[in-house]
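The values are calculated or read from the model by the stated rules, or taken from the named source; none is laboratory data. In this text, all values refer to a predicted model and were calculated from it rather than measured experimentally. Ideal geometry is used to build each Cβ from the backbone, glycine not excepted, and the neighbour counts take in all protein chains shown.
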Amino acid sequence: MTLNFSGRHYPSDIIMQALRYYLSYKLSYREIEEMFAERNIYFDHSTLNRWLIKYAPQLEAVFRKIKRRISGSWRMDETYIKIKGRWVYYYRAVDKHGAIIDFYLSETRDEPAAQAFFNKVINQHGLPEKVVIDKSGANAAALESINIRLWLSGHMLFMIEVLAVKYLNNIVEQSHRKVKGKMHQCLGWKSWEGAESTLAGVELWSMIKLGQMDTTENMTQWEQFYSLAA
């Protein structure tokens, strides 16, 4: 997948650098607009927002194809995200080493939402050996449903071990900080599309920083990010 920058008033390297600044640092759209203006590069903060919505999900999709394999021992949790003044739920999972596995935004915190999250993760990464969850009955029910399907289809050896151990789940709870920090900086998101795009970009940059790109070839973190648009 190659990103299409045709029809833009700015070259791809300017767009990619502006996006990296926003996703990497605690900078607002207006602060980045001002930084580029010092270099005689002028674009409106709303333009940067449009770039983010268009390209961040595409960059994250490219990254998925060259992402390192993750451990079969997962830590799963959900946190709160504010969109248009309303709290919604953001599901995330990391492996036992802290590598980011996947994420999912949902209006509800219930078994169907947890099921949708696990379906997304398993479609990308395959079945885990073990999942550590919080005390949420919805998450436990979703995993139980998956195990029942495995049992009924004759795949008893692949059934998932489910644990609810608080201290083992600390690693994913701490991993929420980057996401929560961007939300507080934004004072919450104004649209679902903007939230999803920003979260995809923030998670992408976090995965790069954690060394989760499979083909780095001694590239710096920013070179890895820019290479996704090549």
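Miscellaneous remarks
- Against the numbered list (1) more than 14 Å from Ala93 (Cβ to Cβ); (2) within 18 Å of the chain's Cα centre (by Cα), Val179 comes up short only at (1).
- Once segment 7-51 is narrowed to residues that are farther than 24 Å from Gln224 by Cβ and part of a loop (DSSP other than H, G, I, E, B), the residue that is nearest to the chain's Cα centre (by Cα) is Ser28.
- Taken as a whole, segment 57-67 holds at least one residue that is touching a residue at least 24 places away in the same chain (Cβ under 8 Å), surrounded by fewer than 16 Cβ atoms within 10 Å (Cβ to Cβ), under 23 Å from the mean Cα position of the chain (by Cα) and within 30 Å of Ser136 (Cα to Cα).
- Qualifying residue in segment 27-47 (condition: out of contact with any helix residue (DSSP H, G or I) (no Cβ under 6 Å at 6 or more places or on another chain), in the same structural domain as Gly201 (by TED's automatic domain parsing) and in contact (Cβ under 8 Å) with a residue 60 or more places away in the chain): yes
- Listed by position, the helices (runs of 4 or more DSSP H) inside segment 169-230 whose residues that are within 26 Å of Phe5 (Cβ to Cβ) number at least 2 are 177-186, 192-209, 221-227.
- All of (1) farther than 28 Å from Asn170 by Cα; (2) surrounded by 16 or more Cβ atoms within 10 Å (Cβ to Cβ); (3) modelled with pLDDT under 95 hold for Ser24 with one exception: (1).
- Cβ pairs under 6 Å, 6+ apart, first in segment 79-95 and more than 15 Å from Glu193 (Cα to Cα), second of a type in the set (Asp, Glu): Tyr91/Glu78; Ala93/Asp102
- Residues being among the polar types (S, T, N, Q), in contact (Cβ under 8 Å) with a residue 60 or more places away in the chain and over 25 Å from Lys135 (Cα atoms) - total across segment 147-200: 4
- Any hit, segment 77-90, residues being over 22 Å from Ser191 (Cα atoms) and surrounded by 16 or more Cβ atoms within 10 Å (Cβ to Cβ): yes
- Taken as a whole, the condition of being over 18 Å from Ser175 (Cβ atoms) and either in contact with a helix residue (DSSP H, G or I) (Cβ under 6 Å, 6 or more places away or on another chain) or outside any loop (DSSP other than H, G, I, E, B) (or both) does not apply to Ile81.
- Taking segment 121-162 as the range and being of a type outside the set (Asp, Glu), outside any helix (DSSP H, G or I) and surrounded by 13 or more Cβ atoms within 10 Å (Cβ to Cβ) as the test, the residues that pass are Leu127, Pro128, Lys130, Val131, Val132, Ile133, Ser136, Met159, Ile160, Val162.
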